Amino acid sequence: MNKIGNQTIMFSNPPYILETSSIVGPKEAEGPLAKYFDQCLEDEFWGEKTWEKAESKIIKENSNAVISKSGIPATDIDYCFAGDLLNQCISSSFGLREINIPFFGIFGACSTFVEGMSLGSVFIDSGAAKKVLCATSSHFCSAEKQFRFPLELGNQRPPSAQWTVTGSGAAILSNDNIGKECPRITYITPGKIIDMGVKDANNMGAAMAPAALDTLVTHFRDTGRKPSFYDAIITGDLGYIGKEILIEMAETKGYNIKKNYNDCGVLIFDKEKQDTHAGGSGCGCVGSVFSGYLYKMLNEHKLNRILLIATGALMNSTSSQQGESIPGIAHAIAIENL
Amino acid sequence: MKKIETKQEYLDYVDQKSPNSPILKNCFNAFWVGGLICSIGQIIFDFCKYKGFDDTSCSTIVSIILIGLAALLTALNIFNKIGKFAGAGSLVPITGFANSIVSPAIEYKSEGYVMGVGGKMFTVAGPVLVYGISTSIIVGIIATFFV
């Protein structure tokens with residue numbers, strides 16, 4: 001493992017993504033990717049009394065599911081990296097308090113899943129760990145309650161607003177593939193915090209797009225690769241507005257990503273039928289789209305090389321009320337069938 | 001597209017990229033739903049008057065019924081759908097005020113009746129109360145001394 005260029009890490013023995021699992025809520029289950037998710041919930045409470053408890057249950061059950069799918073005993077997993085959107089990341093820490101695996105709580109807003117996978121890969125390639133669990137979750141109702149208004153309030157959402165995904169993604173990274181054929185993480189490009197002054201919390205895509213651009217360009221410069229090297233470049237979750245901004249701005253920097261680029265927030269919902277405005281968002285969006293859809297595409301060799309760039313808006317409701325702009329971040333990982 | 005160098009250039013670009021709310025459609029829906037709510041209020045008012053109540057009692061009865069209905073529809077998860085469709089049409093009449101108090105009460109019940117329901121009930125309506133009451137006090141003072 002060594003650092004190349006400005007901020008990219010190249011793995012000498014690229015970690016394997018041994019298994020993934022995804023759980024999504026009822027709205028996501030009506031979306032175009034429904035058939036790829038491992039479990040679709042029928043109601044948002046899932047038998048719990050509060051939204052927060054429901055979200056904790058989602059990440060807990062999803063983590064258990066990925067462990068049992070992988071066939072590895074939980075005791076063999078060395079570390080766990082998890083995070084979510086709720087204050088002090090309570091979904092992850094409450095959901096995983098009984099899992100009995102050394103735990104790193106991380107926060108990168110919607111970029112948390114890829115941040116966890118990046119850290120986990122470094123742990124594995126350095127020899128500090130053999131198996132690592134990465135998990136994230138988000139819940140539409142708990143996020144609305146914390147960041148916006150009560151659900152029953154009769155207000156209108158602006159067309160640039162994104163819809164927080166109810167769901168969770170979880171992955172197990174490993175130093176060996178235990179005889180299975182699985183995709184590997186070859187490079188990571190951790191991103192810098194970029195703030196271009198967008199203050200509108202109802203336009204997260206625009207706030208995060210410059211960070212995605214910076215990481216994208218840095219990744220290509222550091223690795224010497226071109227956009228066409230990848231079968232797919234996927235961001236999560238810029239939504240429709242951020243996606244368009246990224247395409248246009250990448251073009252001004254000399255990178256044409258039009259052909260093979262898409263966004264998890266765009267993929268997960270049907271904009272017209274589901275009334276989700278600018279698309280999906282939340283830790284669970286890139287988490288579930290990768291764990292559900294993209295991982296299966298990689299396994300079936302429909303995609304062989306992808307660049308996954310998860311973006312996060314690093315704000316909270318207090319900073320918004322105080323009129324602060326929204327700093328964005330984006331972390332990239334290259335995942336390949338070698 | 002030209003290169004973006006400064007924050008201001010980016011913000012202008014974002015403005016141009018972000019879709020605007022469908023203002024005409026929103027105004028039209030707000031107009032007729034708001035009008036309908038007010039007409040219902042007027043019907044109740046006239047009915048009470050017909051039954052022999054005085055004007056003050058009629059107004060009070062109208063308020064009670066509309067608030068009660070809005071609270072009920074909020075609890076049944078219907079008011080937010082009306083609000084999404086009608087916007088200011090259901091927000092500006094007294095129904096919106098009822099909704100803004102009942103919805104946090106439901107949402108924060110999980111934090112208990114004291115700090116949850118009690119403490120958070122006015123998170124949305126609070127500013128309306130503070131500035132509404134303050135304005136009426138100022139107007140009252142002006143009226144007392146100058147009118």
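Taking the condition touching a residue at least 60 places away in the same chain (Cβ under 8 Å) and either within 12 Å of chain A (Cβ to nearest Cβ) or assigned to a loop (DSSP other than H, G, I, E, B) (or both), does residue B:20 pass?
Considered against the rule, which asks whether it is touching a residue at least 60 places away in the same chain (Cβ under 8 Å) and either within 12 Å of chain A (Cβ to nearest Cβ) or assigned to a loop (DSSP other than H, G, I, E, B) (or both), residue B:20 comes out as no.
Just give me the residues in region A:71-94 being surrounded by fewer than 22 Cβ atoms within 10 Å (Cβ to Cβ) and either among the β-branched types (Val, Ile, Thr) or touching a strand residue (DSSP E or B) at 6+ places or on another chain (Cβ under 9 Å) (or both), in sequence order.
Correct list: A:71, A:72, A:74, A:75, A:76, A:78, A:79, A:88, A:89, A:90, A:93.
Just one of (1) touching a Gly at 6+ places or on another chain (Cβ under 7 Å); (2) farther than 26 Å from residue A:234 by Cα trips up residue A:136, so point out which.
It fails just one condition, (2).
Is it true that some residue in region A:232-241 is within 17 Å of residue A:185 (Cα to Cα), in contact with a Pro (Cβ under 9 Å, 6 or more places away or on another chain) and more than 14 Å from chain B (Cβ to nearest Cβ)?
yes
Looking at (1) over 22 Å from residue A:242 (Cα atoms); (2) buried (at least 23 other Cβ atoms within 10 Å of the Cβ); (3) of a type in the set (S, T, N, Q), which one does residue A:186 not meet, given that it meets all the others?
Of (1) over 22 Å from residue A:242 (Cα atoms); (2) buried (at least 23 other Cβ atoms within 10 Å of the Cβ); (3) of a type in the set (S, T, N, Q), only one is false for residue A:186: (2).
Of the residues A:299, A:316, which is modelled with pLDDT under 95 and among the polar types (S, T, N, Q)?
Selected residue: A:316, the only one of A:299, A:316 that is modelled with pLDDT under 95 and among the polar types (S, T, N, Q).
Just checking, does region A:139-160 include any residue being more than 14 Å from chain B (Cβ to nearest Cβ) and at pLDDT 95 or above?
Scanning region A:139-160, I find no residue that is more than 14 Å from chain B (Cβ to nearest Cβ) and at pLDDT 95 or above, so the answer is no.
What pairs can you find where one residue is in region B:102-116 and within 9 Å of chain A (Cβ to nearest Cβ), the other is assigned to a loop (DSSP other than H, G, I, E, B) and of a type in the set (Ser, Thr, Tyr), and their Cβ atoms are less than 6 Å apart, with a gap of 6+ or different chains?
Once the first residue is within 9 Å of chain A (Cβ to nearest Cβ) and sits in region B:102-116, its partners that are assigned to a loop (DSSP other than H, G, I, E, B) and of a type in the set (Ser, Thr, Tyr) give B:104/B:123; B:110/A:50.
Give the residues of region A:195-221 that are among the aliphatic types (A, V, I, L, M) and either without any contact (Cβ under 8 Å) to a residue 40 or more places away in the chain or surrounded by 20 or more Cβ atoms within 10 Å (Cβ to Cβ) (or both), sorted by residue number.
Across region A:195-221, the qualifying residues are A:196, A:198, A:204, A:206, A:207, A:208, A:209, A:211, A:212, A:213, A:216, A:217.
Go through region A:222-238 residue by residue and tally those that are farther than 15 Å from residue A:335 by Cβ and buried (at least 24 other Cβ atoms within 10 Å of the Cβ).
The qualifying residues number 2.
How many residues does region A:292-319 hold that are of a type in the set (S, T, N, Q), farther than 18 Å from residue A:163 by Cα and assigned to a helix (DSSP H, G or I)?
Of the residues in region A:292-319, 3 are of a type in the set (S, T, N, Q), farther than 18 Å from residue A:163 by Cα and assigned to a helix (DSSP H, G or I).
Please find, within region B:47-82, the residue that is farthest from residue B:96 (Cα to Cα) out of those that are of a type in the set (D, E, K, R) and away from chain A (no Cβ under 14 Å).
If we take residues in region B:47-82 being of a type in the set (D, E, K, R) and away from chain A (no Cβ under 14 Å), then B:51 is farthest from residue B:96 (Cα to Cα).
I'd like the full set of residues that are among the polar types (S, T, N, Q) and under 10 Å from the mean Cα position of the chain (by Cα), limited to region A:89-121.
Across region A:89-121, the qualifying residues are A:111, A:112.
Only one residue in B:11, B:36 is hydrophobic (A, V, I, L, M, F, W, C), at the interface with chain A (Cβ under 9 Å from one of its Cβ atoms) and outside any loop (DSSP other than H, G, I, E, B), so which one is that?
Result of the check over B:11, B:36: B:11.
The values are calculated or read from the model by the stated rules, or taken from the named source; none is laboratory data. Owing to the predicted nature of the structure, the values given are computational and were not obtained by experimental measurement. Because the Cβ atoms are built from the backbone with ideal geometry, glycine has one as well, and the counts that use them run over all protein chains shown.
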